[in-house]
């Protein structure tokens, strides 16, 4: 079994996935408006205590998404890996969206007057997410909508701005399926790095008079 953490958006989820049956046998979900560091530990403790003897690996969603949310997931996954002696692997959260189909668009607020648009086909991200100016988003999406692809977003403001967009989130259960037959011994040698749309924006403090 593997324990999966997906914390890249305000709706976070945990899942215990049985690779023998291909089914999620346990899990938890919670929503916070800030970082998940306060809410994650109670459900996580329950899942670890219930399944620790059968766990063979850990998976964590790497984003892109909330900076704080992704960092919490990474910190918890790395801590569990050390404490439990289990290999840990990371997956792209865009490929784990909770959708009816396996091909779709994810649109998010990239700030500074722009959206990011990610194209996923058959649960595989196609290229890199594109940054699109908010004034050009309708024209950019038009050919994808004509193709019949659904638009999903975890941001209510984006859903309001784009007709037909659906409010939805990535899920640990979906992410688990990406690792059904994964070689954790090989994957765990790759350092876990968060996926950002652009480098974190940091301002330097003003010099004092």
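Could you please find all residues in the range 144-160 being within 17 Å of residue 129 (Cβ to Cβ) and either assigned to a helix (DSSP H, G or I) or touching a residue at least 60 places away in the same chain (Cβ under 8 Å) (or both)? Hits for the range 144-160 are 144, 154, 158. Scanning the range 42-70 for residues that are in a helix (DSSP H, G or I), at pLDDT below 95 and surrounded by 17 or more Cβ atoms within 10 Å (Cβ to Cβ) gives 69, 70.
Residues checked against (1) outside the structural domain of residue 56 (by TED's automatic domain parsing); (2) more than 20 Å from the chain's Cα centre (by Cα):
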position: 151; (1), (2): yes, no
position: 162; (1), (2): yes, yes
position: 175; (1), (2): no, no
position: 181; (1), (2): no, no
position: 193; (1), (2): yes, no
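Close Cβ contacts (under 9 Å, 6 or more residues apart or on different chains) running from residues in the range 48-62 that are farther than 17 Å from residue 6 by Cβ to residues that are in a helix (DSSP H, G or I) comprise 52/84; 56/184.
Within the range 87-117, if we keep just the residues that are free of Cβ contacts under 8 Å to residues at least 40 places away in the same chain and surrounded by 13 or more Cβ atoms within 10 Å (Cβ to Cβ), the residue that is farthest from the chain's Cα centre (by Cα) turns out to be 114. Only one of the listed residues (141, 94, 119) is at pLDDT 95 or above, in contact with a strand residue (DSSP E or B) (Cβ under 7 Å, 6 or more places away or on another chain) and not in a helix (DSSP H, G or I). That residue is 119. Count of the range 155-172 residues, restricted to those that are crowded, with 16+ Cβ neighbours inside 10 Å and in contact with a helix residue (DSSP H, G or I) (Cβ under 8 Å, 6 or more places away or on another chain), is 6.
The values are calculated or read from the model by the stated rules, or taken from the named source; none is laboratory data. Keep in mind the model is a prediction, meaning the values are calculated, not measured. All Cβ positions, glycine included, derive from the backbone under ideal geometry; neighbour counts span all protein chains shown.
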